[in-house]
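What follows is a single structure, written as structure tokens, with notes after it.
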There are 4 protein chains.
Amino acid sequence: MTDYMPRPEHKFSFGLWTVGNRGRDPFGDAVRPTLRPVDAVKLLAEAGAWGVNLHDNDLIPIDATAAERDRIVREFREACEANSMTVPMATVNLFYDPVFRDGAFTANDPQVRAFAVQKTMRAMDIGVELGARIFVLWGGREGTETDACRRPDQAIKWLREALNYLCRYSIEQGYDYKFALEAKPNEPRADIYMPTTGAYLAFIETLDRPEMVGVNPEVAHEHMAGLNMMHSVAQAWEAGKLFHIDLNDQIPGRYDQDLRFGSANPKAAFWLVKFLEDVGYSGPRHFDAHAYRTEDYEGVKDFARGCMRTYLILKEKATRWNADSEIKSLLAEIGEISASGSAYNKDQPATLLARDFDRAALASKGLQYERLDQLTVDILLGVR
Amino acid sequence: MTDYMPRPEHKFSFGLWTVGNRGRDPFGDAVRPTLRPVDAVKLLAEAGAWGVNLHDNDLIPIDATAAERDRIVREFREACEANSMTVPMATVNLFYDPVFRDGAFTANDPQVRAFAVQKTMRAMDIGVELGARIFVLWGGREGTETDACRRPDQAIKWLREALNYLCRYSIEQGYDYKFALEAKPNEPRADIYMPTTGAYLAFIETLDRPEMVGVNPEVAHEHMAGLNMMHSVAQAWEAGKLFHIDLNDQIPGRYDQDLRFGSANPKAAFWLVKFLEDVGYSGPRHFDAHAYRTEDYEGVKDFARGCMRTYLILKEKATRWNADSEIKSLLAEIGEISASGSAYNKDQPATLLARDFDRAALASKGLQYERLDQLTVDILLGVR
Amino acid sequence: MTDYMPRPEHKFSFGLWTVGNRGRDPFGDAVRPTLRPVDAVKLLAEAGAWGVNLHDNDLIPIDATAAERDRIVREFREACEANSMTVPMATVNLFYDPVFRDGAFTANDPQVRAFAVQKTMRAMDIGVELGARIFVLWGGREGTETDACRRPDQAIKWLREALNYLCRYSIEQGYDYKFALEAKPNEPRADIYMPTTGAYLAFIETLDRPEMVGVNPEVAHEHMAGLNMMHSVAQAWEAGKLFHIDLNDQIPGRYDQDLRFGSANPKAAFWLVKFLEDVGYSGPRHFDAHAYRTEDYEGVKDFARGCMRTYLILKEKATRWNADSEIKSLLAEIGEISASGSAYNKDQPATLLARDFDRAALASKGLQYERLDQLTVDILLGVR
Amino acid sequence: MTDYMPRPEHKFSFGLWTVGNRGRDPFGDAVRPTLRPVDAVKLLAEAGAWGVNLHDNDLIPIDATAAERDRIVREFREACEANSMTVPMATVNLFYDPVFRDGAFTANDPQVRAFAVQKTMRAMDIGVELGARIFVLWGGREGTETDACRRPDQAIKWLREALNYLCRYSIEQGYDYKFALEAKPNEPRADIYMPTTGAYLAFIETLDRPEMVGVNPEVAHEHMAGLNMMHSVAQAWEAGKLFHIDLNDQIPGRYDQDLRFGSANPKAAFWLVKFLEDVGYSGPRHFDAHAYRTEDYEGVKDFARGCMRTYLILKEKATRWNADSEIKSLLAEIGEISASGSAYNKDQPATLLARDFDRAALASKGLQYERLDQLTVDILLGVR
């Protein structure tokens, strides 16, 4: 497997909005013509992707009639089938239309909250028709510019109400969805509620049906908060809540960059890929990124190919890392330490309190982490 | 109440390490002589504080004999009594000694993990002797410089093991502690596990006795991750987990500054105080900050007084905000909207799906949040 | 002067693009209808502003004919006159059109560079017709997503070429412009060349006519790099280069927020206003911000009024600070120290080397900066 | 050159304070025993370094007598000679002693300012005795926690006074020093004056002898401000001011991490090495970093070796990048565009104004930067 070519078993997926991104930004106009969804499917198939995801309005205009909607969904499903493309995940756009300027599930206006839930139910219907089993919710407008407008604990209650209702809808319809909640600290709101994957993991435990709901961590969003993405993913995984993942890249402390996976910091990307492969994550590897504005659609295809290629390169390096004899030896030395006794858990408190520890001796041993990290760099850079 | 003088009912507390901070930093030596704990108690009493908190080693040298330890605790308790100072919270230092350079509860070496738990149990004993009912845990060394050294899901398991053991110890000893976990994203480690209050809220739900464990959010630590502290506190509060709080100040995206409360961004401090007072938080208002290195101990007292004074000024402003007729009217207008029907929760899905919404109308109404925020600024700056 | 009402002598100006901002963002559509430039002038006049600034394309569509252009300029000038509104500054939009996706003055394509300069010359012509004497240049697209595309030293040479050409054009046309260069670290490019005011101050010294060129620091842009805006402004002022200023607000480490002046951090805003007033800065106080997306045009007016009101409140507080007797006394104490001898500059090296200093004594005196800062907070919050 | 072994011609240097760093941090004690300067020289020689740099007090205690000082310098020089180690740069510690808690050259107390200059002169003497020709100045304490304490324009004047005096001293003593100024945005002060390399480049132009003064950009310090280090270096180089460089690594938006070169973000390090090698920078490659606290002195040696090894790996990759035929072809395509005419500089304004540009055509061509960046990633990861 040294050709780094994407194959269906890698489960690489892209949103319609990623390759279809036209390059509009806060200071600039679109630079690429509209890419029809069916053409996006073809582009992705040519690039080697396995799956395509979508917001309701990536596919269906917000004002479409029921008949138009049905036709569009049918044609899209046919395009997917023709291109052997699966639709693993669906989501809903609760941020673009001005109606959501004060939030969607957490807007002060109950009409807006009700509309947001209705729109989500309809997006769930679409997802099911296309075969999606994962439903992502990114609450991009659930936040504030001034905390004068509402108490955040009220917002949390409204968010919970929406999630509980949607879980109930999924069950009643027999949809079998897993929901994956996607955190972000800010942008487009000055502050967004549920700013980190950790916040969502905590929130989930307060729902009526926590087992139906997990998270969708995104590299860029965790990096925006200056967090270690792999650590966030590990907490989600350890809690059984890694239902989906958004791969891209981002320099910390900036606007949402959505760069090609691994292109901003390949070492951070390496640890992330290694973790996903080591634990056997079996869900989609979804790339939520977009091409530079300097690109035409050939460049967009380069971008999509690059995301998958870099993932596969890093995956191979993870295998190499695990098999490296010097690394294994260094880890064994740590492991030997780790294995020497069961720490303290089997001790009664009195027994543990009676133990003597030689602090100075424990503190004096070099742990060789600089060596371990340099070996990692050597493998990453391909000189080992 | 316009003298802004601290009184016992305000429950203002400081750590021994805050007024006792000698100004050592990564690039500079200590600038103030050692302040004996009993003198710190006097200084705090003079400044008007109600409580004093401590790490085990703020009070008792790590190598003290049992006899020395008993004498020190006794003298300290007497000093507290003599100065009518309470000890609401105790904690343990698991970061200063070199033995913890690879972590404490999550160190690879099981001896270190066992020692960390033993040290914590002893610190719990001290706290109980001094009357503390809250036990804070800040895992400053629980993290990494390189993710080569251990898998973070393993670290989480070790962290859980420690918390479960300590809860058991508290119960078996009849200690009646509430644990409050304090998150921080980085520093002194390159990355710290459990980087945000949200991460800890999620972790707590995985413990054997979640009802015994809550959080201790700190302004500086949430700001370091660029988060809105008040939102983090609100999530903790809404989940019934706000067991303690660390008040100070911090410009986002920097080293841990631990500045005087309200001195970096008084508007963020205002929303925080307003939330705590509005919801009726009844725990200690603990200041975890320290004086500039330019100060002698008179300046340290100015610093301590300033923390409390600014809190009280902001508390009065919160009252004024709540009573402001124009603000009330603007909120009522929002509230009127909010009250117009019960959103959607009582609707059957079919009923909700059948509802018609006028998106354009919903999106067209000015929400007057700029006005609301400017009125807040006016109140904050004392011109209204 | 306690009504905080804006007056012409305050020189408050706004860009057409600020009150005319329709609320489009990376994730959302415009929320307000188009505001015609002449209506923006009326709105600003009603709000109490003195001046209005503009990019060429804020006023004139990029594809306008010469006749349309002349008519539009004429009508706009008449509207300004009718509303007693001045046009102190003009600028050029080198970022919105797709032609600039790779940069303007620094694009690899020489045709684009030439077009960018031509477009700037035409914008200078418009500015002159409207009476502007300051020409701002913000190079929003002068940067990269990947440093593979060009060497940054080449980009600097192209930037210099453009500035030198434009200075020459101004002179040859007898335009008497001062250019003010506006730095920004990132967004919309992953990295922007000349990321800080300091970088531009250095660059200016390498131009053919440095005396014609200064800077236009913006609060949000310096805060995005985590810098102290007032310090950046002070360096520009001290170098005689503060030709213009962009006032708004921004939490560090985020996307470009352009919030109402003083609304994110009123204390930082206070130091800035105090500096401008203390040194006697006599240029425009330009607000480069926009209203929240939740607002209609009444809210936009609230936003504009709030910017000016907060400036005037802070200006009054600066006066109060300077007149405060305790502050004066604390400063005098510092000043007394400062005045005690001429430091070292008049000493010969041998003399200075021979001097003895009592380090311990110099280090032991409390400098009372906590007190000084708390007095500042008291004044800021209006309780002193 | 594929063994990646350091050789004298690579000019790799380390500060005494880097390998001698004992791992003290704001929350923890030293973890390694003191390393005598002569032993540090041996360690560096064994690791393969060419040069060693020092602060005065890295070598000589601040309270040493003249006789002790002479003996220490002599012994150190002998150790350097015995180990074929050069001392290319010297610097002065103006931050550790409490006397500098309010600044050094910019402290309010004129005695402190005079002492700081005297101390620097003596450090210059030491440097000369050891053969140093570059004198670095990092003003770690030149800043504030509250801007109440002094006006920053006054601080700039004092900074200028110091630099002018020191230049004069260097000339009068016949020292032939080049000064290299090192910027940092914050830590250990809340804000440091001259926060970026750009700010110093501007400041230098205001000195009496600007030709004697350049900059010493540091990766970590520019990253702390979220800036692109290579861009900062390029501006310094283009201005003829890159007199020295501090190589290390740092995740943006955090405390000063001083990580092993290339270990936080190898792609950013690649662009930096490529720039230095492409332009023919011939000064020292100085590593200003330190080993993790988990390491003993064997680990410190691993750390030092890793810094140099990674530099050499990246240098080889830069050569490979420059020689890659597909990259050359893509660049030629860009270059072809670039060469097509001389942009506009030879045109008279009237001629340029008369030119017609086809915006749509110019904006439509895909620039293939995604492809170019992915080829860079492939080379960086060693799969091309």
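Spatially, the stretch A:282-321 and the stretch C:211-257 are offset by 37 Å when compared through their Cα centroids. Relative to the longest principal Cα axis of chain C, at what angle does helix C:110-130 sit, 0 to 90 degrees, rounded to 10? Helix C:110-130 sits roughly 80 degrees off the main axis of chain C. The C:N164 and C:K42 beta-carbon pair, evaluated with R₀ = 60 Å, returns a calculated FRET efficiency of approximately 0.95. How large is the translational diffusion coefficient of the stretch C:344-384 in µm² per second when you combine the Kirkwood radius over alpha carbon pairs with Stokes-Einstein at 37 °C and 0.692 mPa s? The calculation lands on 242 µm²/s. Angle of helix B:37-47 to the longest C-alpha principal axis of chain B, folded into 0 to 90 degrees and rounded to 10: 30°.
Bridge orientation summary for the protein assembly as shown: considering DSSP beta bridges with both residues in this region, about 15 percent are antiparallel.
What does the charge count around D:A234 come to, taking other residues whose C-beta lies under 12 Å from its C-beta (Lys +1, Arg +1, Asp -1, Glu -1)?
Charge balance near D:A234 sits at -1.
Here the Karplus curve 6.51 cos²θ - 1.76 cosθ + 1.60, taken at θ = phi - 60°, turns the phi angles of the stretch C:66-76 into couplings of 4, 5, 4, 3, 5, 4, 4, 4, 4, 5, 5 Hz, with x standing for Gly and Pro. The modelled label-to-label distance for the pair A:A332/B:A64, using points 7 Å beyond Cα in the direction of Cβ, is 4.6 nm.
When the Gaussian network model of chain C links Cα atoms closer than 10 Å, the mean-square fluctuations of C:Y165, C:Y193, C:Y177 top out at C:Y165.
Axis of helix A:297-323 versus longest Cα principal axis of chain A: the two differ by about 20°, to the nearest ten degrees. Distant-in-sequence amide contacts of B:T86, defined by a placed amide H-H separation under 5 Å and a gap of 5 or more residues or a different chain, comprise B:G51, B:V52. Residues whose amide H comes within less than 5 Å of that of D:H286, counting only those at least five positions distant or on another chain, are D:S13, D:I245, D:L247 (H built at 1.01 Å from N in the peptide plane).
With contributions of -39500 (n - 2.57) from each DSSP H run of at least four residues, the per-residue ellipticity at 222 nm computed over chain A stands at -15000 deg cm²/dmol. Given +1 at the Cβ of Lys and Arg, -1 at the Cβ of Asp and Glu and no other charges, the dipole of chain B around its Cα centre is 180 debye to the nearest 20.
Per Stokes-Einstein, at 37 °C and 0.692 mPa s, what whole-number D in µm² s⁻¹ belongs to the stretch A:235-296, with the Kirkwood radius over Cα pairs as the hydrodynamic radius? Before the final figure, lay out each step's value.
Values: Rh = 12.9 Å.
Here the translational diffusion coefficient equals 255 µm²/s.
Taking one quarter of the surface of the C-alpha convex hull of the stretch D:257-384 gives a mean projected area of 11.9 nm². Which pairs in the list A:K42/B:K365; B:K157/D:K315; A:K157/C:K267; A:K178/A:K315; A:K178/D:K267 are over 31 Å apart, alpha-carbon to alpha-carbon? A:K42/B:K365; B:K157/D:K315; A:K157/C:K267; A:K178/D:K267, as the Cα separations exceed 31 Å there. Here A:E295 sits with roughly 10 square angstrom of accessible surface, probe radius 1.4 Å. In the stretch C:265-379, a dipole from Cβ-located charges (positive for Lys and Arg, negative for Asp and Glu) runs towards its positive end, and of C:I334, C:L353, C:H286 it is C:H286 whose Cα lies farthest in that direction. When DSSP beta bridges are limited to those with both residues in chain D, what percentage is antiparallel, rounded to the nearest 5? Of the beta bridges lying entirely in chain D, close to 15 percent run antiparallel. Of the residues B:W138, B:N216, B:W17, the one whose Cα sits farthest toward the positive end of the charge dipole of chain B, with +1 on the Cβ of Lys and Arg and -1 on the Cβ of Asp and Glu, is B:N216.
Taking every DSSP beta bridge that has both residues in the stretch C:143-266, what percent is antiparallel when rounded to the nearest 5? Each step should come with its number before you reach the end.
Working: 3 of 8 bridges.
Once the DSSP bridges in the stretch C:143-266 are tallied, antiparallel ones form about 40 percent.
Can you tally the net charge around A:V136? Count Lys and Arg as +1, Asp and Glu as -1, for every other residue whose Cβ sits under 9 Å from the Cβ of A:V136. Present the calculation step by step, with values, prior to reporting the outcome.
Numbers: positive: none; negative: A:E182, A:D246.
Charge balance near A:V136 sits at -2.
Charge dipole of the stretch C:173-229 (Cα centre as origin; +1 on each Lys and Arg Cβ, -1 on each Asp and Glu Cβ, all else neutral): 60 debye, rounded to the nearest 20. As a calculated quantity, the FRET efficiency between A:T34 and D:E172 at R0 = 56 Å, using C-beta atoms, amounts to about 0.20. With the whole protein complex present, A:E75 retains an accessible surface near 80 Å², based on a 1.4 Å probe.
Placing unit charges on the Cβ atoms only, positive for Lys and Arg and negative for Asp and Glu, gives the stretch C:29-160 a dipole magnitude near 340 debye about its Cα centre.
Could you tally the net charge around A:M5, taking each other residue with its Cβ under 10 Å from the Cβ of A:M5, Lys/Arg +1 and Asp/Glu -1? Summing Lys/Arg as +1 and Asp/Glu as -1 gives +2.
Pairwise Cα distances in the stretch D:70-183 exceed 21 Å in 41 percent of cases. Computed with a 1.4 Å probe on the full set of protein chains, the accessible area for A:T65 sits at about 70 Å². Percent of alpha carbon pairs in the protein assembly as shown separated by more than 71 Å? When every Cα pair of the protein assembly as shown is considered, 3 percent fall beyond 71 Å.
Both radii are taken from the alpha-carbon atoms of the stretch D:167-287; with Rh as the Kirkwood radius, Rg/Rh is 0.98. Its alpha carbons give chain A an Rg and a Dmax of 23.0, 77 Å.
The values are calculated or read from the model by the stated rules, or taken from the named source; none is laboratory data. Only a predicted model underlies this, so the values are computations on that prediction, with no experimental measurement involved. Virtual Cβ from ideal backbone geometry, glycine too; neighbours counted across all protein chains shown. Surface areas here come from the heavy atoms of the whole protein model, side chains and all, with no ligands, DNA or RNA. Shrake-Rupley method; radii C 1.70, N 1.55, O 1.52, S 1.80 Å.
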